[in-house]
Amino acid sequence: MSVDTNGQSAAAMVPTSGPITREELQLASRNHAMPLEMLRWPITPVGMHYLLIHFDIPLIDPTAWRLRIGGLVDHPHEFTLAELQHRERRTLPVTMECAGNGRSRMDPRPISQPWDQGAVGTAEWTGTPLAPILREVGLAPEAVELVFTGADRGLQGGSEHAYARSLTIADAMSDDVLFAYEINGQPLPPQHGHPLRLLVPGWYGMTSVKWLQSIEAIDHTFDGYQQAVAYHFVQEPSEQGEPVKHIRPRALMVPPGIPDFMTRDRVLDAGPVLLQGRAWAGKNAISRVEVCVDGKWADAHLDPEAGHFAWRGWSFTWVAAPGNHVLSCRATDVEGNTQPLQSEWNYQGMANNAVQELSVSVTEGKHG
């Protein structure tokens with residue numbers, strides 16, 4: 001049996017235009033998206049925030065847990081949770097999105113967690129900044145990267161490993177990188193990384209390692225599977241490609257009206273309709289959101305920013321006439337990066353930020 005870079009049979013990993021596989025369904029039952037109607041909330045309730053768990057949720061005793069910092073540092077140290085909680089405390093509203101969001105809308109469909117469009121959420125994360133701790137332990141001059149390792153462990157890429165990702169020293173020293181121990185004012189629940197996770201605002205979610213247990217300073221580029229193979233833009237599994245990093249611009253609309261149970265197509269009344277949604281990007285602020293009705297684009301109104309790394313609300317008044325219509329929205333950041341109309345296909349199904357489309361049926365009746 002041939003095996004590809006994901007450590008699975010090549011036949012099982014070939015992108016497909018067919019139905020969802022049993023393996024994908026199994027992943028979908030463990031992980032969940034944010035329902036798009038939750039875009040009405042500026043801060044996503046914890047239970048509605050998207051969730052991706054690579055291996056198993058580890059059972060960790062917070063009183064016995066320690067965070068080990070070592071490798072190329074002058075003063076290796078172990079921190080207790082209480083010690084970290086008594087350091088400088090900072091709360092940031094941050095929009096986090098899975099790098100695979102929109103994967104199931106690619107054709108052929110890359111085989112993995114079959115996200116539609118809701119693998120996103122915005123939470124108020126509380127923790128302590130990483131940079132001061134790095135200065136205290138004293139990074140050696142030859143250190144070039146920091147490897148962040150979680151307690152979750154499994155098989156992928158043909159080998160057993162704990163989930164681990166790295167950052168360059170410069171990226172790790174950003175003022176906004178946190179050791180997070182609370183979400184929306186409460187301790188992290190087990191599924192979100194209890195007792196401590198890394199939070200790297202502006203990057204796709206794979207970077208914010210959960211169940212954090214160690215940090216190691218190294219003098220070379222980290223070659224662990226989750227860094228060197230997974231999360232890359234490639235056209236075939238043998239390529240190395242470019243790594244996935246910052247979140248691409250995206251806007252999503254709260255589906256108007258009421259849904260059909262199976263198709264999720266919308267039904268709404270004729271007349272003025274306030275279309276609303278959220279838009280976000282990783283590195284840059286959102287400067288424009290446009291709404292499209294049946295092929296005609298117009299600018300939406302932008303709400304004030306809620307934070308540099310938090311999504312931005314938008315609204316648009318549409319006078320809905322009876323009939324069938326297609327609604328879309330797209331975001332543009334301050335550097336002019338905007339969403340494409342079609343998916344930019346890649347083998348792993350990464351960073352599909354193609355514009356959202358909603359089919360709606362407008363009637364003269366009264367609904368919802």
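Key figures
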read-out: Segment 19-37, subset without any contact (Cβ under 8 Å) to a residue 24 or more places away in the chain and outside any helix (DSSP H, G or I), residue surrounded by the fewest Cβ atoms within 10 Å (Cβ to Cβ); value: Pro19
read-out: Meets criteria (surrounded by fewer than 16 Cβ atoms within 10 Å (Cβ to Cβ), over 30 Å from Asp219 (Cα atoms) and assigned by TED's automatic domain parsing to the domain that holds Ser104) for Arg66; value: no
read-out: So Trp280, is it at pLDDT 95 or above and out of contact with any strand residue (DSSP E or B) (no Cβ under 9 Å at 6 or more places or on another chain); value: no
read-out: Test: Thr95 is at pLDDT 95 or above and either out of contact with any Ser or Thr (no Cβ under 6 Å at 6 or more places or on another chain) or not in a strand (DSSP E or B) (or both); value: no
read-out: Per-region count, segment 6-41, residues aliphatic (A, V, I, L, M) and at pLDDT 90 or above; value: 9
read-out: Any hit, segment 128-150, residues being in the same structural domain as Gln85 (by TED's automatic domain parsing), among the aliphatic types (A, V, I, L, M), in a strand (DSSP E or B) and closer than 28 Å to Arg250 by Cβ; value: no
read-out: In segment 208-232, residue nearest to Leu146 (Cα to Cα) [restricted to those that are of a type in the set (A, V, I, L, M, F, W, C) and under 16 Å from the mean Cα position of the chain (by Cα)]; value: Val209
read-out: Hey, Ala300 at pLDDT below 95, more than 30 Å from Pro108 (Cα to Cα) and not acidic (Asp, Glu) or not; value: no
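So that you can scan it fast, the table gives a plain yes or no per residue for (1) of a type in the set (Lys, Arg); (2) under 26 Å from Met38 (Cβ atoms):
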position	(1), (2)
Arg87	yes, no
Thr91	no, yes
Glu97	no, yes
Asn101	no, yes
Trp115	no, yes
Gly121	no, yes
Leu130	no, no
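The values are calculated or read from the model by the stated rules, or taken from the named source; none is laboratory data. Because the structure is predicted, anything quoted here is derived from the model rather than measured. A quick note on method: Cβ atoms are made from the backbone with ideal geometry, for glycine too, and the neighbour counts reach across all protein chains shown.
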